[in-house]
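Here is the structure we will look at, set down as structure tokens.
The values are calculated or read from the model by the stated rules, or taken from the named source; none is laboratory data. What you see is a predicted model; the values in this text were computed from it and never measured. Note that each Cβ is placed from the backbone with ideal geometry, even for glycine, and that neighbours are counted across all protein chains shown.
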Amino acid sequence: MTGHVLVLGALGGVGQAVAEEFHRRGWQVSGLVRKGRAGELPDWVWPVEADLQDAEAVAKAASSPVDVVFDGLNAPYHRWAELARPLYAAALAIAERLGALHLFPGSVYGFGEGMPDRLTPDISFAPTSEKGRIRVDIERSFAEAARDGRVRTVILRAGDFFGPTISGQSWLSAFIATRARQGVIRSPGPTDVPHAWAYLPDLARAFVELAGQRDRLGAFEVFHFEGHTASIADIAAAAGVAYRRPMRVRRVPGLVFTLIGLIDPVVRASREMAYLWRVPHRLIDRRLETVTGPLVATPLEKALASIRV
């Protein structure tokens, strides 16, 4: 089943990857952009130039019925406390006005530092960070809207994003693998801790499959995208294959991030999430493929070779 998808954040790394997969699978794709930025979209994306906060204007600019709204929005990391809740409330209002299914990429933030190493969709939230508490609030607002019969939401929770469309904004391409071509992998924590990762083209395929099964889904659904579970040592081994050279792992002490954070607000904002490099975790969900069908993961070494470093 195909249809018409409106991608919010269509010029962002996540939005681009998802829009490309919807297009490849034969969907009509529209992208919400700020006024004056329509020319930056591919020619197969219908530009929706409207104010994110004006759901009526967005619906009018979409020009035809929309079946699915993909929420690829993201607040600047250091301004989450200020911007995240209103940003996602606006996305929910757009989906409600359009009468469309709302697709949302979730994160592991809400589970907190005490999370178990196997994260299934039935695990309760126990946030230990401000960003985690904000994420929990946002997902709770989606559930409430679904219970009230206003908007259907499907959350697909995933680990750290990486891929060719998000190169400068992911931990892998912005920090860990920036010197991979020189044979160096940098580690923000212990090198042997399993960590959840989501290669964006694979994640995008899962979202498209869920959208295609929208008639089978309930008012509020949560799935976990297993993606790759890999320690920094695993990343180094895969990078060695991808770049055809041995890799040396260099551990960067936490003090370095603290000092950089004195002048860089984004690095400073990331410090509360540093536990994700110390606490082993993987996403598990056997139900997802009963809805989507088999999901094939891109081998880690091939995925790493696709990112720009």
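Observations on the structure shown:
- Restricting the stretch 108-123 to residues that are crowded, with 20+ Cβ neighbours inside 10 Å and touching a helix residue (DSSP H, G or I) at 6+ places or on another chain (Cβ under 8 Å) leaves a set whose member that is farthest from Gly149 (Cα to Cα) is Leu119.
- The criterion of at least 1 residues that are touching a residue at least 12 places away in the same chain (Cβ under 8 Å), within 16 Å of Arg251 (Cα to Cα) and not hydroxyl-bearing (Ser, Thr, Tyr) is met by the following strands (runs of 3 or more DSSP E) wholly inside the stretch 181-236: 184-187.
- Per-region count, the stretch 237-272, residues outside any helix (DSSP H, G or I) and over 30 Å from Ala297 (Cα atoms): 4
- Any hit, the stretch 86-107, residues being surrounded by 15 or more Cβ atoms within 10 Å (Cβ to Cβ), farther than 23 Å from Ala198 by Cβ, without any contact (Cβ under 8 Å) to a residue 12 or more places away in the chain and not β-branched (Val, Ile, Thr): no
- Qualifying residues in the stretch 273-309 (those that are small (Gly, Ala, Ser) and assigned to a helix (DSSP H, G or I)) - the one farthest from Leu172 (Cα to Cα): Ala274
- Single unsatisfied condition, Ser141 versus (1) small (Gly, Ala, Ser); (2) buried (at least 23 other Cβ atoms within 10 Å of the Cβ); (3) within 29 Å of Asp67 (Cα to Cα); (4) touching a helix residue (DSSP H, G or I) at 6+ places or on another chain (Cβ under 9 Å): (2)
Rundown of residues vs (1) without any contact (Cβ under 8 Å) to a residue 12 or more places away in the chain; (2) closer than 30 Å to Ala239 by Cβ; (3) under 15 Å from the mean Cα position of the chain (by Cα); (4) part of a loop (DSSP other than H, G, I, E, B), yes/no style:
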site	(1), (2), (3), (4)
Glu139	no, no, yes, no
Glu144	yes, no, no, no
Val151	no, no, no, yes
Leu156	no, yes, yes, no
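- Filtering the stretch 235-248 for residues that are in contact with a strand residue (DSSP E or B) (Cβ under 9 Å, 6 or more places away or on another chain), modelled with pLDDT of 95 or more and under 30 Å from Val154 (Cβ atoms) leaves a non-empty set.
- Within the stretch 53-64, tally of residues that are surrounded by 16 or more Cβ atoms within 10 Å (Cβ to Cβ) and in contact with a strand residue (DSSP E or B) (Cβ under 7 Å, 6 or more places away or on another chain): 3
- Number of positions in the stretch 237-284 that are buried (at least 16 other Cβ atoms within 10 Å of the Cβ), without any contact (Cβ under 8 Å) to a residue 60 or more places away in the chain and closer than 24 Å to Asp117 by Cα: 1
- For the stretch 73-114, a residue qualifies if it is within 24 Å of Ser63 (Cβ to Cβ) and of a type in the set (D, E, K, R), and the qualifying residues are Glu96, Arg97.
- Some residue of the stretch 176-196 being touching a helix residue (DSSP H, G or I) at 6+ places or on another chain (Cβ under 9 Å), among the basic types (Lys, Arg), surrounded by fewer than 23 Cβ atoms within 10 Å (Cβ to Cβ) and closer than 20 Å to Glu272 by Cα: yes
- For the stretch 169-203, filtered to residues that are within 18 Å of Val108 (Cβ to Cβ) and of a type in the set (Ser, Thr, Tyr), the residue that is modelled with the highest pLDDT is Tyr199.
- One residue alone among Glu209, Glu221 is within 23 Å of Gln16 (Cβ to Cβ) and among the charged types (D, E, K, R), and that residue is Glu209.
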